[in-house]
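First up is the structure itself, then whatever we jot down about it.
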Amino acid sequence: MVTPLASLRQGKLHVEKVENVSVPPNTERTLCDRNGPGAVLSLWMALGGGNAPALDARLRVYYDGSPSASIDIDMGTLLATHWGAGSANTSHSCEHVHVEIDSGNYRTAFLLTFPMPFGTSIRIAYFNINAGQTASIYSMVAYSLTATDEANGQRLRYKGVRYVDQKVTRTASATTTLAQITGGPGSIVYHSHVGGVGATNLSWLERNFSIAVDGEATPQIVATGTEDWFDSGWYFNGRRDYNTSFHSYVGTDQPAGNVNVVGMATDLWSKWGGVPFTTSAVVRSLPEAGCTTGDTLCWCILYYQ
């Protein structure tokens, strides 16, 4: 007989916390540093101190003793909160991401529940960029330890560009490669995207996304439009800063002073069970005849490999 409590966790759970810590500019603060094997189950943070600590500061994740971060992305891109998020609604969620932001003072709280399996060790850190603002941070990292690496070496990783130091400016006819992943197997599980900065109209939303896996010449996944990919349509029908579905949300939508900017996020794990690949995956943003404006953008794609 299967117990109705079978899905409850049996192994011991741990939480490592940081409480009301100041992080000066150009400083990295470790949030969790643990030997494994095991898995981080969730990361919660609250961020204060201004726009740089809440939007341009970076989440870094180091696995198995590597000096290089496998995730190194700014909060505003990861959470789709750059350029006026929270001006209409202050809380957004999809299955594995929740974010709240006050557009007046930029105070932000978020929760990530994409599991982060690790082998010999994991270190999660917050990096406050050199922008003259001191961050005030809180965090809780929930994790469990296991006898073996139950993910068989797969780790949560990212492809993307940060806004402040890596943003991309494109023409109306440009194709933009968002991720080129080699090796596998793996699965793409999340996509956040902030675009339209400097655009002259909203036609940049006519662009389509495509995902080609395992060297296929013709991608078998091609969207009908940018806002469609994030479970909306018709340029959002005037709605602003809202959950488009259980799987996606619009963090920023046509804020005052940046009326063609939109930031969006979609959880491909909850929506499709991820996008699996065996040897490779390529994600692109494609031009379309209806797109008549260039723009500047940033994005984050999370995947397991």
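Tell me the label-point distance for the pair THR224, SER121, using the 7 Å Cα-to-Cβ offset, in nm and rounded to one decimal.
The two pseudo-label positions are separated by 5.1 nm.
To the nearest 0.05, what FRET efficiency results for ASN201 and ASN51 with a Förster distance of 25 Å applied to their C-beta separation?
Computed FRET efficiency for ASN201 and ASN51 comes out at 0.45.
Could you tell me the distance between the Cα centroids of the range 131-171 and the range 1-75, to the nearest Å?
Centre-to-centre distance over Cα atoms comes out at 8 Å.
Which lysines have a Cα less than 23 Å from the Cα of LYS159, not counting those fewer than 8 places away in the same chain?
Within the straight-line limit of under 23 Å, LYS159 reaches these lysines: LYS167, LYS271.
Could you tell me what % of all Cα pairs in the range 71-147 have separations over 22 Å? Each step should come with its number before you reach the end.
Values: 955 of 2926 pairs.
Everything past 22 Å amounts to 33 percent.
What is the extension gain from ALA256 to THR182, computed as 0.36 nm multiplied by their sequence separation minus the C-alpha to C-alpha distance, in nm to one decimal?
In short, 22.6 nm is gained.
Take the solvent-accessible surface of the protein heavy atoms, probe 1.4 Å, and return the percent of it on the chain that carbon and sulfur atoms account for.
Answer for the chain: carbon and sulfur cover 51 percent of the accessible area.
In nm, to one decimal, how far is the GLU16 label point from the GLU28 one, both placed 7 Å along Cα→Cβ?
Here the answer is 1.4 nm between the modelled labels.
Given labels modelled 7 Å from the Cα in the Cβ direction, how far is it in nm from THR169 to ALA131?
Here the answer is 1.9 nm between the modelled labels.
Could you tell me the distance between the Cα centroids of the range 214-236 and the range 270-285, to the nearest Å?
If we compute the Cα centre of each part, the gap is 12 Å.
For the chain, with the dipole built from +1 on Lys and Arg beta-carbon atoms and -1 on Asp and Glu ones, taken about the Cα centre, which of GLY104, ALA69, GLY273 lies farthest toward the positive end?
The listed residue farthest towards the positive side: ALA69.
Using a simple charge model, +1 on the beta-carbon of Lys and Arg, -1 on the beta-carbon of Asp and Glu, nothing else, what dipole does the range 1-157 show about its Cα centre, in debye to the nearest 20?
Its charge dipole is roughly 200 debye.
Sorting check: for 190-199, 234-243, which peptide has the highest mean count of neighbouring beta carbons within 10 Å, and how do the rest follow? Write out the running numbers ahead of the final one.
Details: 190-199: 24.1, 234-243: 15.1.
The densest-packed peptide leads the list: 190-199, 234-243.
I need the Debye-formula profile for the range 1-158: one equal scatterer per C-alpha, no solvent, reported as log10 I(q)/I(0) at q = 0.14, 0.17 1/Å, two decimals.
Once normalised to I(0) and log-transformed, intensities are -0.71, -0.99.
Using only the alpha carbon atoms of the range 1-82, find the Kirkwood hydrodynamic radius as the inverse mean reciprocal pair distance, in angstroms to one decimal.
Computed over Cα pairs of the range 1-82, the Kirkwood hydrodynamic radius comes out at 15.5 Å.
Multiplying the sequence separation of THR292 and GLU150 by 0.36 nm and subtracting their Cα-Cα distance, what value in nm do you get?
On the way: separation 142, 0.36 × 142 = 51.12 nm, distance 4.83 nm.
So the extension gain works out to 46.3 nm.
The values are calculated or read from the model by the stated rules, or taken from the named source; none is laboratory data. Note that the structure is a prediction, hence the values are computed from the model and not measured. Using ideal geometry, Cβ is built from the backbone for each residue, glycine included, and neighbour counts are taken over all protein chains shown. Surface areas here come from the heavy atoms of the whole protein model, side chains and all, with no ligands, DNA or RNA. Shrake-Rupley method; radii C 1.70, N 1.55, O 1.52, S 1.80 Å.
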